[in-house]
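Novice: After the structure tokens below, expect a handful of questions from me.
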Amino acid sequence: MKYLSLTAVLIFLVSCNKNGAAQKPIKTELDSVSYAIGMDVAKNVKASFDDFDNDLFIQGFNNVIDSTDILLDQAVAQQVVRTYFQNKQKEEAVKRQEEALKNKEEGEKFLSENKTKDGVVTTESGLQYMVLKEGTGEKPTTASKVKVHYHGTLIDGTVFDSSVDRGEPTEFGVTQVIKGWTEGLQLMPVGSKYKFFIPSDLAYGGNPRPGGAIKPNSTLIFDVELLEIVK
């Protein structure tokens, strides 16, 4: 119950401050360590709970300190915390699955409607693209390294990455990116600007970078300008 005890200390201190007690200054190394632990626990609490009963936390803290009126056996208390987080993990897993299914369905609907628009070409893999400007240079191959400018959004317009916004083009190998990019870049003569509409299975599928704007099974849209093939 180490986590619970530390959290109880934090809530107790916060409650005291809220009730008007002056904040205690940091004077010694132990003071700094104590404060730092409080900060760390606070981050864990904020990340783990949407709602919390501070009064019961303080009550549990005081009961253990005084060894009086303890409402839960130690073993029971440990099981309560363990069960709570296990159930929360299951709920979050279900939510992720539901979100992934919703994203896939919305992406498929978007692509189905998008492929009928003027200028949109659909390849055998399912990649869709539109030529915004056709260049006259050579086309890259899987062995090429390219310099590009790009602007990436979700189908709802959310920007998740943009070298254009950063004001600096980027360089990478043609095979070092998602499948939709690898295929699409090889269609582009240098000097071209294309718009890619990339199905989730040609992007990050169900495993995008955790915590990012791209969610599982997201369809992605990129404006891509091929500036040069880096020799």
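To keep it simple, each residue is scored yes or no on (1) at pLDDT 95 or above; (2) under 21 Å from the mean Cα position of the chain (by Cα).
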{"site": "Gly167", "(1), (2)": "yes, no"}
{"site": "Gln186", "(1), (2)": "yes, no"}
{"site": "Phe196", "(1), (2)": "yes, no"}
{"site": "Ser200", "(1), (2)": "yes, yes"}
{"site": "Ala203", "(1), (2)": "yes, yes"}
{"site": "Pro210", "(1), (2)": "no, yes"}
{"site": "Ile221", "(1), (2)": "yes, yes"}
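Novice: Residues being outside any strand (DSSP E or B) and either in contact with a helix residue (DSSP H, G or I) (Cβ under 9 Å, 6 or more places away or on another chain) or at positive phi (or both): count how many of those fall in the range 156-183. Even if it seems obvious, please write down each step before you answer.
Specialist: Of all residues in the range 156-183, those outside any strand (DSSP E or B) come to 156-158, 163-169, 174-183.
Next, from what is left, pick out any that are either in contact with a helix residue (DSSP H, G or I) (Cβ under 9 Å, 6 or more places away or on another chain) or at positive phi (or both): 156-157, 167, 169, 174-183.
The number of residues fulfilling the criteria is 14.
Novice: Of everything in the range 43-64, what is within 24 Å of Glu92 (Cα to Cα), modelled with pLDDT of 75 or more and open to solvent by less than 100 Å² (accessible area, probe 1.4 Å)? Give them in sequence order.
Specialist: Asn44, Ala47, Ser48, Phe49
Novice: Same structure, new question: Any residue at all in the range 96-119 that is at pLDDT 95 or above, touching an Asp or Glu at 6+ places or on another chain (Cβ under 7 Å) and open to solvent by less than 90 Å² (accessible area, probe 1.4 Å)?
Specialist: No, every residue in the range 96-119 fails to be at pLDDT 95 or above, touching an Asp or Glu at 6+ places or on another chain (Cβ under 7 Å) and open to solvent by less than 90 Å² (accessible area, probe 1.4 Å).
Novice: Among what's in the range 173-216 and is touching a Pro at 6+ places or on another chain (Cβ under 9 Å) and buried (at least 21 other Cβ atoms within 10 Å of the Cβ), pick the residue that is farthest from Lys102 (Cα to Cα).
Specialist: Ranking the qualifying residues of the range 173-216, first place goes to Met188.
Matching residues to (1) touching a helix residue (DSSP H, G or I) at 6+ places or on another chain (Cβ under 9 Å); (2) at pLDDT below 80:
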site	(1), (2)
Leu13	yes, yes
Lys24	yes, no
Lys27	no, no
Gly38	yes, yes
Asp66	no, no
Val81	yes, no
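Novice: Would you call Glu124 part of a helix (DSSP H, G or I), at pLDDT 95 or above and open to solvent by 100 Å² or more (accessible area, probe 1.4 Å)?
Specialist: Details: part of a helix (DSSP H, G or I): no; at pLDDT 95 or above: yes; open to solvent by 100 Å² or more (accessible area, probe 1.4 Å): yes.
No; evaluated as a whole, the condition is false for this residue.
The values are calculated or read from the model by the stated rules, or taken from the named source; none is laboratory data. Computed from a prediction, not measured in an experiment: that's the story for all the values here. When we count neighbours, we look across all protein chains shown, and the Cβ atoms used for this are built from the backbone with ideal geometry, even at glycine. Quick note on the areas: whole protein, heavy atoms, side chains included, nothing else; ligands and nucleic acids left out. Shrake-Rupley method; radii C 1.70, N 1.55, O 1.52, S 1.80 Å.
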